[in-house]
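Written out below as structure tokens is the structure these notes cover.
The values are calculated or read from the model by the stated rules, or taken from the named source; none is laboratory data. Keep in mind it's a predicted model, so treat the numbers as computed, not measured. When we count neighbours, we look across all protein chains shown, and the Cβ atoms used for this are built from the backbone with ideal geometry, even at glycine. Accessible surface is based on the protein model in full, side chains and every heavy atom, while ligands, DNA and RNA are left aside. Shrake-Rupley method; radii C 1.70, N 1.55, O 1.52, S 1.80 Å.
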Amino acid sequence: MKLASLKSGRDGKLVVVSRDLRRYALANGIADTLQDALDRWAEAAPQLRDLAAQLEAGTVPANGFDESKCASPLPRAYQWADGSAYLNHVELVRKARGADVPETFYTDPLMYQGGSDSFSGPWDDIQVADEAYGIDLEAEVAVITDDVPMGISAADAASHIQLILLVNDVSLRNLIPGELAKGFGFFHGKPSSAFSPVAITPDELGAAWRDGKVHLPLLSRVRGEPFGCPNAGEEMTFNFFELVAHAAKTRPLCAGTIVGSGTVSNKFEGGPGRTIAQGGRGFSCLAEIRTIETLEEGTPRTPFLQFSDRVEIEMRDAEGHSIFGTIRQTVRPAQNEVATVNT
């Protein structure tokens, strides 16, 4: 089934969405919000599945689905833990700032705890105070869990992954090196992330969901041009089962925890990636192509995102149909206003 949160209050209004992303039915009487459903997943999920079946059959009242009216499926979450499972990305980004890749990165997942109190909606602007911060997209896949016990194994973590969605984990590249130099991790360099309009249960992917990975291309467009189509199931050093188990190593995970894959990244003929125009699969962030340009030409040519630039991220099935809807964001100057609640 496919679930979304229409903008309403702080936590949205839960709806079930048709497979073709054209219609939705309110989850009234089952769960008011997605977090409510996840807190009672064993009880709520069967009822939501029944509603989804009725929606497909056309036997329940439905409305037209408008992605622009959506908040992120979880407009705020108890936890957002983002991994970095594609080592090609790690190698390139660290090389860009002159840092080595420790050997442990190849055996133990890299993960940071991001801000989860105010995710952007999938069509909301990326608001940044200054273009000089080095504004970048990061196209990723993520999963949402139910309650996960501390110390769980990767094999047992599989049953706790209930939903899958896409992410734009916005990064402010020029702020990150100074923050990491302090030895205490990201903060200002990682503003609000945005998630796809729809979150789906793993069975919606059929054979594309296997071994804890999504074996489909993750598509991105930047400034109106195709930018990336790397396969999310390839060159993923740590799968989602391993990432969830890693996150739960020293603490239980609350229902509604989101665990990200990190920037999806593929090599090209055993070496760094290439643009789509060069016959490669492109990239999921600007930092990668800028690093390659620097290594090959001595300086980056591709600029970071500027005000009015648009970013789009989606994933399509084998027939070319959008699975999660589209993250579609435009970079705008920050308004410096106190956050408001959508009503």
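A few points about this structure:
- For segment 199-216, the condition holds for at least one residue, the condition being that it is touching a Lys or Arg at 6+ places or on another chain (Cβ under 9 Å), more than 12 Å from Leu165 (Cα to Cα) and open to solvent by 10 Å² or more (accessible area, probe 1.4 Å).
- The set of residues in segment 235-252 being within 20 Å of His89 (Cα to Cα) and not in a helix (DSSP H, G or I) consists of Glu235, Met236, Thr237, Phe238, Asn239.
- Hey, Thr263 touching a residue at least 12 places away in the same chain (Cβ under 8 Å) and not in a loop (DSSP other than H, G, I, E, B) or not: no
- Identity of the residue in segment 46-76, farther than 25 Å from Ala194 by Cβ and in contact with a helix residue (DSSP H, G or I) (Cβ under 7 Å, 6 or more places away or on another chain), that ends up least open to solvent (accessible area, probe 1.4 Å): Val60
- Selection count, segment 133-186, where residues are part of a strand (DSSP E or B) and of a type outside the set (Val, Ile, Thr): 11
- Test result for Ala85, part of a loop (DSSP other than H, G, I, E, B), within 20 Å of Phe241 (Cα to Cα), out of contact with any Pro (no Cβ under 6 Å at 6 or more places or on another chain) and touching a residue at least 24 places away in the same chain (Cβ under 8 Å): yes
- Any hit, segment 126-134, residues being of a type in the set (Phe, Trp, Tyr), out of contact with any His (no Cβ under 6 Å at 6 or more places or on another chain), at pLDDT 95 or above and closer than 25 Å to Arg10 by Cβ: no
- Within segment 1-60, the set of residues being charged (D, E, K, R) and closer than 18 Å to Pro75 by Cβ comprises Lys2, Lys7, Arg10, Asp11, Lys13, Asp32, Asp36, Asp39.
- All positions within segment 300-316 that are open to solvent by 10 Å² or more (accessible area, probe 1.4 Å) and touching an Asp or Glu at 6+ places or on another chain (Cβ under 7 Å): Pro300, Arg301, Thr302, Phe304, Gln306, Phe307
- Glu67 within 24 Å of the chain's Cα centre (by Cα) and charged (D, E, K, R): yes
- Note on segment 154-186: residues that are open to solvent by 60 Å² or more (accessible area, probe 1.4 Å) and modelled with pLDDT of 95 or more total 4.
- Hey, Ala255 in a loop (DSSP other than H, G, I, E, B) and crowded, with 17+ Cβ neighbours inside 10 Å or not: yes
- Exactly one residue out of Glu319, Glu269, Glu234, Glu297 is under 30 Å from Val148 (Cβ atoms), charged (D, E, K, R) and open to solvent by 30 Å² or more (accessible area, probe 1.4 Å): that is Glu234.
- Tabulated pairs, segment 5-23, first free of Cβ contacts under 8 Å to residues at least 60 places away in the same chain and surrounded by 19 or more Cβ atoms within 10 Å (Cβ to Cβ), second among the hydroxyl-bearing types (Ser, Thr, Tyr) and not in a strand (DSSP E or B), C-beta under 7 angstrom, 6+ apart or interchain: Leu14/Thr33
- From the options Thr263, Thr250, residue that is within 26 Å of Thr107 (Cα to Cα), modelled with pLDDT of 95 or more, of a type in the set (Ser, Thr, Tyr) and open to solvent by 60 Å² or more (accessible area, probe 1.4 Å): Thr250
- Residues satisfying the stated conditions in segment 27-43, i.e. part of a helix (DSSP H, G or I) and either at pLDDT below 95 or open to solvent by 30 Å² or more (accessible area, probe 1.4 Å) (or both): Asp36, Asp39, Ala42, Glu43
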